[in-house]
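Chemist: Below are the structure tokens for one structure; questions will follow.
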Amino acid sequence: MRTKSEVRALFLQKRKDLGETERQRRSERIAEEAMRFLAENSALKHIHLFLPIERLYEVNTWVLLEKLFAAEKQVYSSVSDFDMHEMHTVLIHKDSVFTTGIYGLPTPINPVRIADDQQMDVIFVPLLAFDLRGVRVGYGKGFYDRFFATSSKDVMKIGLSYFEETELLPRESHDVLLDGCIFPNGSIYFKEKG
């Protein structure tokens, strides 16, 4: 089994090697699959979406953001507090203006912070790799694991990935499992968690 550090290095390189055109094509397919998932689960109205860090070649979620607005979903994102290692939920709307913050994170100008993370139905989660148990490898800072702890226990945690599942990944005690993952050719949902 590879270490998390090895998985991070491998999948960062795989992302880069896709090239800009292929990353954009896959991002568009992921957005279509995500909207299909939401159409099949129409009660899900409050959507938390990560915004892409370009230097890390993340899934281009700007494509999905436009589709969410068109479907009249209530959209949230986060502002990261790197001193406290926390993410704070903020409301995003069609007229939101963004700047590139620290570490290349798109951040809304004059964000409206939401005090209650319990109202979200779905959190679309960035990741580098995932396995068939719902274990994900992110960037190793633990921001999302801590964020999940403040969210509703019923919130769906859905990864967005350029790639399908990989071999079994190392799992640590603080790792929160995904409920599913969406990738360019479809999606997978994990029945058993634990």
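The values are calculated or read from the model by the stated rules, or taken from the named source; none is laboratory data. Just so you know, these numbers come straight off a predicted model, no measurement behind them. Please note: Cβ atoms are built from the backbone with ideal geometry, for glycine as well, and neighbour counts cover all protein chains shown.
Chemist: So which residues in the stretch 18-36 are hydrophobic (A, V, I, L, M, F, W, C) and within 15 Å of the chain's Cα centre (by Cα)?
Modeler: Selection gives ILE30, ALA31, ALA34, MET35.
Chemist: How many residues does the stretch 55-75 contain that are under 14 Å from the mean Cα position of the chain (by Cα) and either in a helix (DSSP H, G or I) or among the polar types (S, T, N, Q) (or both)? If you could, list the steps in order and put the result at the bottom.
Modeler: Residues of the stretch 55-75 that are under 14 Å from the mean Cα position of the chain (by Cα), as a first pass: 56-65, 75.
From what's left, either in a helix (DSSP H, G or I) or among the polar types (S, T, N, Q) (or both): 56, 60-65.
So the answer is 7.
Chemist: A follow-up question, please. Among residues belonging to the stretch 48-90 that are touching an Asp or Glu at 6+ places or on another chain (Cβ under 7 Å) and more than 18 Å from SER161 (Cα to Cα), point out the one that is modelled with the lowest pLDDT.
Modeler: The qualifying residue modelled with the lowest pLDDT is HIS88.
Chemist: Take the residues in the stretch 91-147 that are in a helix (DSSP H, G or I) and either crowded, with 20+ Cβ neighbours inside 10 Å or hydroxyl-bearing (Ser, Thr, Tyr) (or both), then tell me which one is modelled with the lowest pLDDT.
Modeler: ASP117
Chemist: Related question: Among the residues of the stretch 76-84, is there at least one that is part of a loop (DSSP other than H, G, I, E, B), in contact with a strand residue (DSSP E or B) (Cβ under 7 Å, 6 or more places away or on another chain) and within 27 Å of SER42 (Cα to Cα)? Step through it out loud before you land on a result.
Modeler: Just the residues of the stretch 76-84 that are part of a loop (DSSP other than H, G, I, E, B), to begin with: 82-84.
Next, only the ones that are in contact with a strand residue (DSSP E or B) (Cβ under 7 Å, 6 or more places away or on another chain) stay: none.
Within the stretch 76-84, not a single residue is part of a loop (DSSP other than H, G, I, E, B), in contact with a strand residue (DSSP E or B) (Cβ under 7 Å, 6 or more places away or on another chain) and within 27 Å of SER42 (Cα to Cα).
Chemist: Just to be sure I understand the filter: pairs with C-beta atoms under 7 Å, separated by 6 or more residues or on different chains, first member in the stretch 46-60 and over 13 Å from PHE124 (Cα atoms), second member modelled with pLDDT under 95 and of a type in the set (A, V, I, L, M, F, W, C). Which pairs pass?
Modeler: Taking only residues 6 or more apart or on different chains, the pairs are ILE53/LEU105.
Chemist: Just give me the residues in the stretch 148-169 being out of contact with any Asp or Glu (no Cβ under 7 Å at 6 or more places or on another chain), surrounded by 15 or more Cβ atoms within 10 Å (Cβ to Cβ) and farther than 12 Å from ILE182 by Cβ, in sequence order.
Modeler: PHE148, SER152
Chemist: Something else now. Condition first: closer than 23 Å to MET35 by Cα and of a type outside the set (D, E, K, R). Now tell me which residues in the stretch 109-130 satisfy that.
Modeler: In the first step, residues of the stretch 109-130 are kept if they are closer than 23 Å to MET35 by Cα; the result is 117-130.
The answer is GLN118, GLN119, MET120, VAL122, ILE123, PHE124, VAL125, PRO126, LEU127, LEU128, ALA129, PHE130.
Chemist: How many of the residues making up the stretch 36-46 are surrounded by 17 or more Cβ atoms within 10 Å (Cβ to Cβ) and assigned to a helix (DSSP H, G or I)?
Modeler: Selection size over the stretch 36-46: 2.
Chemist: Condition first: in a loop (DSSP other than H, G, I, E, B) and on the phi > 0 side of the Ramachandran plot. Can you find one or more residues in the stretch 154-171 that meet it?
Modeler: no
Chemist: Ok, one more. Could you list all residues from the stretch 1-29 that are part of a loop (DSSP other than H, G, I, E, B) and free of Cβ contacts under 8 Å to residues at least 12 places away in the same chain?
Modeler: Matches in the stretch 1-29: GLY19 only.
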